[in-house]
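The values are calculated or read from the model by the stated rules, or taken from the named source; none is laboratory data. Model, not experiment: these values are computed from the prediction. Please note: Cβ atoms are built from the backbone with ideal geometry, for glycine as well, and neighbour counts cover all protein chains shown.
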Amino acid sequence: MKRVTRWARAEWGPLYATVRGPLLRRGWRAVPLALTAVCLTAVLHVVHSQSWGYDFVQDVGAVRAADPLWLALLRTPLSLFVPALDLPVWGALAQLLCVFGIAEICLGRWRTLTLAYAATLAGTLYARVGIWLGPGSPLGLPASDAHVVDTGPSAAVVGLAVFLCLRHGARFTAAAVIAAMVAEVLVKENLAGKEHLAAIAAMLLLCGISAVRHRRTRAREEAPSAGPPRGP
């Protein structure tokens, strides 16, 4: 039991320490972005499920590879908050609250939004590339996927989760999330699963860039400063 406790502290301790203080001091006021995302997703889901609101949500937040690129890019920000109608919305809301809330505290509001958008955009652009490659390529997609709606908030949630875990040393958890997404593609190969992998790939790239920049900055700070030149 002690070994499990030590492992849990090593895995999640830094993340827990970062989140605990702001939540204790401010409560729900510490995560206004996460609460807004949950409320917006819930409202869009209710409207989307109504006959009078279905076309409206499709027009403003449904992204397909068959759409013109400019229209897809215009709809992508709102597509972050349009959950799939065939999946339980409460699961999506819980994931949004948890992952966006932790990210908002650890990374800040605007960085969280930027990373969420980057993860979703990676999936959106991958769908176009995959269809261009065709089903004969390992990374390709069938032409029929051009008319399938993108993943919605799930790509952003998965991407943010991986970024957070790697940033705060929870490497086993990050590996577990990645393994689960790979298993999803192997068991049920579909557009959503591959878009999740594209979102993860984008976050891994950003983590790598951030790590390289951090090492360079640290090396410059630790390098001994050159003294003034000595006279003869």
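Selection within the range 171-227: residues that are among the acidic types (Asp, Glu) and surrounded by 10 or more Cβ atoms within 10 Å (Cβ to Cβ). The member of this set that is nearest to the chain's Cα centre (by Cα) is Glu195. Scanning the range 69-88 for residues that are within 20 Å of Leu121 (Cα to Cα) and not in a helix (DSSP H, G or I) returns Leu80, Phe81, Val82, Pro83, Ala84. Do we find a residue being in contact (Cβ under 8 Å) with a residue 12 or more places away in the chain, surrounded by fewer than 22 Cβ atoms within 10 Å (Cβ to Cβ) and polar (S, T, N, Q) anywhere in the range 127-138? Looking for residues that are in contact (Cβ under 8 Å) with a residue 12 or more places away in the chain, surrounded by fewer than 22 Cβ atoms within 10 Å (Cβ to Cβ) and polar (S, T, N, Q), one finds none in the range 127-138, hence no.
Under the condition of being β-branched (Val, Ile, Thr) and closer than 27 Å to Pro22 by Cβ, which residue from the range 72-113 is surrounded by the most Cβ atoms within 10 Å (Cβ to Cβ)?
Looking at the filtered set, the residue picked out is Thr112.
From the list Leu24, Leu40, Leu15, the one residue that fits, being in contact (Cβ under 8 Å) with a residue 24 or more places away in the chain, under 23 Å from Arg167 (Cα atoms) and of a type outside the set (Asp, Glu), is Leu15. In the set (1) surrounded by 22 or more Cβ atoms within 10 Å (Cβ to Cβ); (2) of a type in the set (A, V, I, L, M); (3) within 22 Å of Leu96 (Cβ to Cβ), the condition left unmet by Leu141 is number (3).
Table: residues versus (1) over 24 Å from Val31 (Cβ atoms); (2) touching a Leu at 6+ places or on another chain (Cβ under 8 Å); (3) modelled with pLDDT of 90 or more.
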site: Phe56; (1), (2), (3): yes, no, yes
site: Ser79; (1), (2), (3): no, no, yes
site: Ala103; (1), (2), (3): no, yes, yes
site: Tyr117; (1), (2), (3): no, yes, yes
site: Gly123; (1), (2), (3): yes, no, yes
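Candidates in the range 114-126 are the residues that are within 17 Å of Arg167 (Cα to Cα) and among the small types (Gly, Ala, Ser); of these, the one that is surrounded by the most Cβ atoms within 10 Å (Cβ to Cβ) is Ala119.
Scanning the range 40-51 turns up one or more residues that are within 25 Å of Leu191 (Cα to Cα) and among the small types (Gly, Ala, Ser).
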